[in-house]
1. Residue by residue through segment 64-81, what is 3J(HN,Hα) from phi via Karplus (6.51 cos²θ - 1.76 cosθ + 1.60, θ = phi - 60°)? Round to whole Hz and write x for glycine and proline.
2. Take every Cα-Cα pair in segment 95-169 and report what % of them are more than 16 Å apart.
3. Please list, short to long, the whole-number percent of alpha-carbon pairs of segment 1-62 in consecutive 10 angstrom bins beginning at zero.
4. Which of these values of semi-axes √(5λ) of the Cα gyration tensor in Å was calculated from the structure shown: (i) 24, 20, 15; (ii) 31, 18, 15; (iii) 21, 20, 16?
5. For the chain, with every protein chain kept in place, what is the accessible area per residue (1.4 Å probe, Å²)?
6. Using heavy-atom solvent-accessible surface (probe 1.4 Å) with all chains present, what is the largest-first order of His30, His37, His64?
7. So how strong a dipole does the chain carry about its Cα centre when Lys and Arg Cβ are +1 and Asp and Glu Cβ are -1, to the nearest 20 debye?
8. In the Gaussian network model of the chain, springs joining C-alpha atoms below 10 Å, which of Gln89, Gln142, Gln111 carries the largest mean-square fluctuation?
Amino acid sequence: MNADNRRIVSLIAAVGRHHEIGCRGDLAFHIRADLRHFKELTIGKPVVMGRRTFESLPKGALPHRRNIVITTDPDYSAPGIETAASLEQALAMTADAPETMIIGGGQVYSQALPLATVIYLTEVDASLDEADTFFPEIDREQWTVISQSDTLTDEASGLSYRFVDLQRL
């Protein structure tokens with residue numbers, strides 16, 4: 001809960017110029033500092049994701065986090081996860097958590113955006129023509145920037161990016 005005792009529902013994503021987030025079951029952009037940033041922000045918190053996002057994780061359930069996977073398959077299971085039939089059920093399962101992190105994919109982000117209070121973006125100054133998964137359009141009039149890094153460059157990929165944290169007005 002924040003200072004007003006309101007629950008925080010946060011979205012976290014790395015997005016390209018055209019809101020690209022994924023391609024063929026993988027991240028659209030691989031930036032080492034973004035992955036560290038993601039870990040720092042999500043560790044110790046429940047993470048909610050769709051089934052395809054979960055299946056794209058290279059090592060399965062994320063350690064030191066409660067992993068909740070949204071799936072319509074009532075028999076779906078994997079080590080280290082809990083399942084929910086809907087976003088609403090997943091959020092009900094995390095009602096006691098001060099902050100719930102929505103980590104993807106595109107459909108889950110679209111469903112969660114109207115409920116979100118915070119968005120943690122890594123804005124990547126690149127586009128990916130082959131992208132097949134996208135972050136929803138954000139109405140910037142409903143959000144204020146609460147933190148923004150300088151533009152950084154990933155040494156391995158050469159990609160420029162910046163961390164931008166938004167809070168709903």
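1. Whole-Hz 3J(HN,Hα) from phi for segment 64-81: 6, 9, 7, 9, 10, 10, 8, 8, 8, 8, x, 9, 5, 7, 7, x, x, 10.
2. 59 percent
3. 17, 50, 25, 8, 0
4. (i)
5. Each residue of the chain exposes 55 Å² on average to a 1.4 Å probe.
6. Per-residue accessible area, sorted high to low, gives His64, His30, His37.
7. Roughly 480 debye for the chain.
8. Maximum fluctuation in the GNM of the chain, among the listed residues, is at Gln142.
The values are calculated or read from the model by the stated rules, or taken from the named source; none is laboratory data. Just so you know, these numbers come straight off a predicted model, no measurement behind them. When we count neighbours, we look across all protein chains shown, and the Cβ atoms used for this are built from the backbone with ideal geometry, even at glycine. Note: accessible area is taken over every heavy atom of the protein model, side chains too, but ligands, DNA and RNA are not part of it. Shrake-Rupley method; radii C 1.70, N 1.55, O 1.52, S 1.80 Å.
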